[in-house]
Amino acid sequence: MTVCTGNICRSPMAEIVLRDRLEAAGLGDRVVVDSTGVSDEEHGNPVDGRARRTLAAHGYPTGDGHRARQVTAADLADHDLLLPMTAQHARRLRRLADRAAGSPGLAEIRLYRSFDPDAPVVEPGGDEHLLDVDDPWYGDESGFETTLAEIEAAADGIVEHVRARLTGSSTDRTATSR
């Protein structure tokens, strides 16, 4: 599950890209990808129009039928991997996980860009903000292009991480300290 603030820009864009990459890798029938936001301010809203236009311009589906929703404690138990877009989102998810402590099978929480081989390496206890995917909502179309580029740059690393988890292999080359 990809997670951003309102679930209308970054996280649905990442959901769409990941679904596309997992399908291309032959894993589409073994993995469910969805998205949420840490806020309920956009609840029920569709994907932002600028995000839709950017996705379409790059040959992706545009998220028809998507409706924004807020992440819940149940999502942490229902998902294996949560991919927050920013350090702030990660902190919110970790607090939610702390409140749900004791629940079986809580999801792994890793910043989305930690899978980008060209992103900064953040040591344990380091500044996770270095891996933030900035919110394009406040700007123009160029911000959505940047967001899509950052999402695409990490997508293959996520696919390989998921493949490794599904096969039980240790081929995940991303640092767990990221």
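The values are calculated or read from the model by the stated rules, or taken from the named source; none is laboratory data. Everything numeric in this text was worked out from a predicted model, so none of it was measured. In this analysis, Cβ positions are derived from the backbone assuming ideal geometry, glycine residues included, and neighbour counts consider all displayed protein chains. To get the accessible areas, we keep the full protein, side chains included, count just its heavy atoms, and leave off ligands, DNA and RNA. Shrake-Rupley method; radii C 1.70, N 1.55, O 1.52, S 1.80 Å.
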When the stretch 89-99 is examined, which residues are found to be open to solvent by 10 Å² or more (accessible area, probe 1.4 Å), out of contact with any helix residue (DSSP H, G or I) (no Cβ under 7 Å at 6 or more places or on another chain) and in contact (Cβ under 8 Å) with a residue 24 or more places away in the chain? Arg92
Confirm whether Arg21 is assigned to a loop (DSSP other than H, G, I, E, B) and either farther than 16 Å from Pro136 by Cα or out of contact with any Cys (no Cβ under 9 Å at 6 or more places or on another chain) (or both). no
Given the condition among the charged types (D, E, K, R) and not in a loop (DSSP other than H, G, I, E, B), answer yes or no: does some residue in the stretch 76-84 qualify? yes
Across (1) surrounded by 13 or more Cβ atoms within 10 Å (Cβ to Cβ); (2) among the basic types (Lys, Arg); (3) more than 29 Å from Gly168 (Cβ to Cβ), Arg110 clears everything bar (3)
All positions within the stretch 148-164 that are of a type in the set (A, V, I, L, M), open to solvent by less than 50 Å² (accessible area, probe 1.4 Å) and without any contact (Cβ under 8 Å) to a residue 60 or more places away in the chain: Ala153, Ala154, Ala164
Residue satisfying all of: in the stretch 42-56; open to solvent by less than 40 Å² (accessible area, probe 1.4 Å) and in a loop (DSSP other than H, G, I, E, B); farthest from Thr146 (Cα to Cα) among these: Gly44
Tell me the residue from Gly28, Gly6, Gly59, Gly65 that is open to solvent by less than 60 Å² (accessible area, probe 1.4 Å), at pLDDT 95 or above, farther than 21 Å from Asp132 by Cα and not in a strand (DSSP E or B), please. Gly28
Please determine, by comparing only the residues of the stretch 9-25 that are open to solvent by less than 60 Å² (accessible area, probe 1.4 Å) and of a type in the set (D, E, K, R), which one is nearest to Gln88 (Cα to Cα). Arg10
Within the stretch 118-147, how many residues are within 17 Å of Gly37 (Cα to Cα), in a loop (DSSP other than H, G, I, E, B) and open to solvent by 90 Å² or more (accessible area, probe 1.4 Å)? 1
Which one is surrounded by the fewest Cβ atoms within 10 Å (Cβ to Cβ), of the residues in the stretch 68-82 that are in contact (Cβ under 8 Å) with a residue 60 or more places away in the chain and not small (Gly, Ala, Ser)? Asp80
Residues in the stretch 32-41: is at least one surrounded by fewer than 13 Cβ atoms within 10 Å (Cβ to Cβ) and part of a loop (DSSP other than H, G, I, E, B)? yes
